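Colleague: Okay, handing you the structure first.
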Amino acid sequence: MVFVKPHLCAVGWLLFVEAVASGFMPEGTRVDLSATRPNVLVLLVDDMGYSDLACFGSPNVSTPHIDGLARRGMKLTQWISAASICTPSRASIQTGRYAIRTGCVGVEEARRVIPTPTNPGGLDPDQHLSIATALKHAGYRTGMAGKWHLGLSSKVEGQDPNYKFVPNSHGYDTYLGSPFTNTPACAMDAEGISQKAKNGPNVCFLMANRTVVQQPLHLENFTSTITQHALNFISSATHNQPWFFFMSYFHVHTPLFTNRNNRGRSTGGEFGDNVEELDDSVGEILQAVQVHGFSNNTLILLTSDNGPYQEEGWANSGRTSLYDEHTGALLGRLKGGKGQLYEGGVRMPGIAVWDGVVQPASRSDVMVSSLDIFPTVLAAAGVSLGANYTIDGRDMAPVLQGSNQSQHDVFLHYCGFDIIGARVLGRWKVFWKVQKWYTHETNLSVCAQCCSGVNPLSRLTPIRASELCGCGSKDLVVLPSPVVYDMLQDSLEEVPLTRQTLPRYDQIVRLASAAKSDMEKSVHPRPDLFGAGTCTAGLPSSSRQPCCPGCAKPGLLHNLCHDGQGNHCSCDNVPTHV
């Protein structure tokens, strides 16, 4: 994405008048060159529960580096994810928009996310502005490491996939990571490599920009590999150009993995080992920021994409417990988990550090969202997108500076294509519909407030995959009248408020209903026959399979990338610098 001959329209301002070549820039976008323009580091964890960090109450792990980050800045106890499952949550983080606008939504579990790395859909850079693209055109250097899960290729051009949707197509100068996600197919063998499942190499591989450099993925070392990329990016940065780095972990998504040297180190079992290895990585990155002199001018945000994957069982998933800040006593558990719009699925641990802006060792109980990362960062960088491009997130800077008022009058909760709930004035949570819990298991200890069972589609593969709660009509209960919860007094969602028990009930429901109606009138896509949005739709094709350079794609005779002679083709050429 480039712009044509920028014009100075006022002192200190640049106006982008035309976007050409590749990508998208809203008309009227401006950059204030006199803005603060801090460096930006986003640390995104995968499937972490609200209480999986020691600084958020976990008694089973040691997370000294993340705890130290919280002491340097602000703990945000009402950080709400834009969605309760990977792809829509990540689309919203990248764009600052509800995922419904991007098409990265679905009804059934298999279409609520992009289901395979060879599907033809993804977050479209020709229609949606990413945070990296916006910052790149504000003069930032941009980089990313880790999980993407927003699509790879729409089609094949010549012999190769076109990689239309990968991070480099969204403004990231440099990327090293696994562009799909951590799935059951990524399970490690005894050597720590994702080839325990027959299709592991097709699903789990490492890319440097648009090139496969490791296939199958060496999952055991994945965290150290992407951490090193972050360290290289920071060490090569200069003080003459601001930078943005997006660190997107596989931890703590299942299948759980740690380097063999870190196994058994925590009191929280294998899951705790995952969290502590994550903390080590965060510590290394924070040390690099400090050593290279960037601490005083770097905005750091840490959170998770959505809640814990309860259906994987207690030993393999995170916790959503609430603890008393002073005594450490357990107060209860947030309801639900990943895939659900109850608090367990969308309330995340949140930490913000920004020297000179955020008060050290502070805490905020004001509602903010992962949807707010985009507008907060762009405002700090001096980027204005004009009046005709809709951003649903809000600049959280007032909250970071101590405001006790949420920047969201109404925040909508989508389940697939359906608005089933909303946050009003940051405090009141309204439900028009709720998701059903069900189980196919005889062992009810796997999880209680979830949809425990085996995904029927996974029965066709050698790897068992758990099933999440869905968003179709069969998965939802329509309430006879809206139910309201007070999120400051009833975070566990145990006491539904009605017109008889809440004097402001009608006002709250009226505000929520008006926002819901306005959104449904202006944005009203419908699922396809398979329950998919435009981003998650389509069928996988081996023609779009990423393979190592020089390797042939799978076909009728070969299930994996091959050398043309019937032999499996692999590579392990992780570059020192990308």
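Colleague: If the cut-off is 25 Å between C-alpha atoms, which lysines fall inside it for LYS433, apart from same-chain ones fewer than 8 positions away?
Modeller: Partners found: LYS335, LYS338, LYS474, LYS516, LYS521.
Colleague: How much of ASP518 can a 1.4 Å solvent probe reach, expressed as accessible area in Å² and rounded to 10?
Modeller: 100
Colleague: Keeping all protein chains in place and using 1.4 angstrom, which order do GLU520, GLU277, GLU157 fall into by accessible surface area, from largest down?
Modeller: Values: GLU520 75, GLU277 15, GLU157 105 Å².
If we order GLU520, GLU277, GLU157 from most to least accessible, we get GLU157, GLU520, GLU277.
Colleague: Provide the per residue accessible area, probe 1.4 Å, for segment 282-425, rounded to a whole number of square angstrom.
Modeller: Per-residue accessible area for segment 282-425 comes out at 33 Å².
Colleague: Something else now. Modelling each spin label as a point 7 Å along the Cα-to-Cβ direction, I'd like the PHE24/VAL495 distance in nm, to one decimal.
Modeller: 4.5
Colleague: Follow-up question, since we're still on this one. Answer with one residue from HIS577, VAL484, PRO527: the one whose Cα lies farthest towards the positive end of the charge dipole of segment 455-578, charges on Cβ with Lys, Arg +1 and Asp, Glu -1.
Modeller: The listed residue farthest towards the positive side: PRO527.
Colleague: Using a Förster distance of 45 Å, how high is the FRET efficiency between ASP126 and LEU33, based on the Cβ-Cβ distance and rounded to 0.05?
Modeller: Numbers: r = 27 Å, r/R0 = 0.61.
Calculated transfer efficiency: 0.95.
Colleague: Note down the nm distance, to one decimal, between modelled labels 7 Å out along Cα→Cβ at LEU330 and at HIS568.
Modeller: Label-label distance for LEU330 and HIS568, simple model: 4.2 nm.
Colleague: Then there's this: Figure the gain on full extension for ALA315 and LYS155 (residue separation times 0.36 nm, minus the Cα-Cα span) and round it to one decimal in nm.
Modeller: Answer, rounded to one decimal: 53.6 nm.
Colleague: Also, I was wondering about something else. Quick one: work out Rg over Rh on the C-alpha atoms of segment 202-262, Rh as Kirkwood radius.
Modeller: 1.03
Colleague: Hey, another quick one. Using a 1.4 Å probe on the protein heavy atoms only, what accessible surface does HIS218 show? Give it in Å² to the nearest 10.
Modeller: 50
Colleague: Give the ranking of LYS147, LYS164, LYS474 by solvent-accessible surface, highest area first, calculated with a 1.4 Å probe.
Modeller: In descending accessible area the options line up as LYS474, LYS164, LYS147.
Colleague: Give the calculated FRET efficiency between ARG363 and GLU284 to the nearest 0.05, with a Förster radius of 45 Å applied to their Cβ-Cβ distance.
Modeller: Once the sixth-power term is evaluated, E becomes 0.95.
Colleague: Leaving ligands, DNA and RNA out of it, work out the accessible area of TRP314 with a 1.4 Å probe and give it in Å² to the nearest 10.
Modeller: Surface open to solvent at TRP314 totals about 90 Å².
Colleague: Under the 0.36 nm per residue contour assumption, what length would be gained going from the current alpha-carbon distance of SER517 and SER62 to full extension?
Modeller: Taking 0.36 nm per residue and subtracting the Cα distance, the gain is 159.2 nm.
Colleague: In straight Cα distance, which lysines are under 26 Å from LYS164, not counting same-chain residues fewer than 8 positions off?
Modeller: Here the lysines satisfying the reach criterion relative to LYS164 are LYS5, LYS136, LYS147, LYS155, LYS553.
Colleague: Further question on the same structure: Summarise the long-distance tail of P(r) for segment 251-339 by giving the % of C-alpha pairs beyond 20 Å.
Modeller: 52
Colleague: Another question, then. Listed highest first by mean packing, meaning other Cβ atoms within 10 Å per residue, what order do 398-408, 204-214 come in?
Modeller: Highest to lowest by the protection proxy: 204-214, 398-408.
Colleague: Next question, about the same structure. For the chain, what is the mean residue ellipticity at 222 nm derived from helices alone (per DSSP H run of n ≥ 4: -39500 (n - 2.57); sum divided by total residues; nearest 500 deg cm²/dmol)?
Modeller: Computed mean residue ellipticity for the chain: -5000 deg cm²/dmol.
The values are calculated or read from the model by the stated rules, or taken from the named source; none is laboratory data. As the structure is a computational prediction, the values presented were derived from the model and not from experiment. Note: ideal-geometry Cβ built from the backbone for every residue, glycine included; neighbour counts use all protein chains shown. Keep in mind that these areas ignore ligands, DNA and RNA; they rest on the heavy atoms of the full protein, side chains included. Shrake-Rupley method; radii C 1.70, N 1.55, O 1.52, S 1.80 Å.
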